[in-house]
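Enquirer: Have a look at this one before I ask anything.
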Amino acid sequence: MAQIQFSKGITEETVPDVRLTRSRDGSNGTATFYFQNPQILSEGSNEEVTGMYLIDEEGELVTREVKGKFINGKPEAIEAIYLMKSTEEWDRFMRFMERYANEHGLGFNKS
């Protein structure tokens with residue numbers, strides 16, 4: 001039951017491209033989510049983006065670092081950044097991503 005929401009109670013069905021970076025000592029990291037044509041920005045949707053909520057059976061991870069991308073005045077994409085400031089936060093995020101990836105068929109490529 002891992003899901004991503006931009007407005008409480010409304011699950012985003014668009015699967016994002018996710019990029020991870022981590023400091024050499026593992027003390028902090030960043031996850032950048034890129035949603036191409038997300039449902040929350042579709043025509044007819046009047047929901048307000050209040051943040052990005054990563055929800056699973058352990059609870060909820062929240063970031064307010066959410067930006068919309070517009071082309072010719074039309075919403076095109078959403079980019080959200082989730083910061084992890086400790087190894088515990090990194091481990092918790094990775095548990096969420098493992099559940100989300102299993103449910104949505106995502107793969108992991110290490111570069």
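Enquirer: First compute the accessible area of segment 1-42 with a 1.4 Å probe, then give the percent of it belonging to carbon and sulfur atoms. Don't jump to the answer; show the numbers that get you there.
Expert: Numbers: 1060 of 2270 Å².
For segment 1-42, the apolar C and S fraction of the accessible surface comes to 47 percent.
Enquirer: Using DSSP to define loop residues, name the GluC sites (Glu not before Pro) in segment 14-100 whose beta-carbon has at most 16 other beta-carbon atoms within 10 Å.
Expert: Details: sites: E43, E47, E48, E57, E58, E60, E65, E76, E79, E88, E89, E98; in loops: E43, E47, E48, E57, E58, E65.
Passing sites in segment 14-100 are E43, E47, E48, E57, E58, E65.
Enquirer: Provide, in order from the shortest bin, the percent of all Cα-Cα pairs of segment 51-111 in each 10 Å bin, continuing until the bin that contains the maximum pair distance.
Expert: So the P(r) values, bin by bin, are 18, 42, 31, 9, 0.
Enquirer: Moving on to the next point. Three principal axis extents, largest first, for the C-alpha atoms of segment 15-60, in Å?
Expert: 46, 24, 16
Enquirer: Let me check against my output: what whole-number percent is the relative contact order of the chain, with C-alpha pairs under 8 Å and at least 6 apart? Mind showing how you got there, number by number?
Expert: Numbers: 198 pairs, mean separation 32.6, N = 111.
Dividing the mean separation by the residue count of the chain yields 29 percent.
Enquirer: Here is a follow-up. Using 10 Å bins from zero, what percent of all Cα-Cα pairs in the chain falls into each bin?
Expert: For the chain, the binned pair fractions read 14, 47, 31, 8, 0 percent.
Enquirer: Counting only heavy atoms of the protein chains, get the accessible area per residue of the chain (1.4 Å probe) and round it to a whole Å² value.
Expert: Working: 7000 Å² over 111 residues.
Accessible area per residue, the chain: 63 Å².
Enquirer: Quickly work out the E88-to-E47 label distance, labels modelled 7 Å from Cα along the C-beta direction, and quote it in nm with one decimal.
Expert: 3.1
Enquirer: Any idea what angle helix 87-104 forms with the longest principal axis of the chain, computed on alpha-carbon atoms, 0 to 90 degrees, nearest 10?
Expert: Long axis of 87-104 versus the principal axis of the chain: about 50 degrees.
Enquirer: Counting only the backbone N, which residues of segment 57-80 are under 19 Å from the spot 7 Å out from the Cα of K8 toward its beta-carbon?
Expert: From segment 57-80, the list is 57-66.
Enquirer: Looking only at trypsin sites (Lys or Arg not before Pro) in DSSP loops with at most 15 other Cβ atoms within 10 Å, what is the longest site-free stretch of the chain? Working shown, then result.
Expert: Details: sites that count: K8, R24, R64, K85, K110.
Longest run free of exposed loop sites: 25-63.
The values are calculated or read from the model by the stated rules, or taken from the named source; none is laboratory data. No experiment lies behind these values; they were computed from the predicted model shown. So basically every Cβ, Gly included, is an ideal-geometry build from the backbone, and we count neighbours across all protein chains shown. Remember, those area values only see protein heavy atoms, side chains included, never the ligands or the DNA or RNA. Shrake-Rupley method; radii C 1.70, N 1.55, O 1.52, S 1.80 Å.
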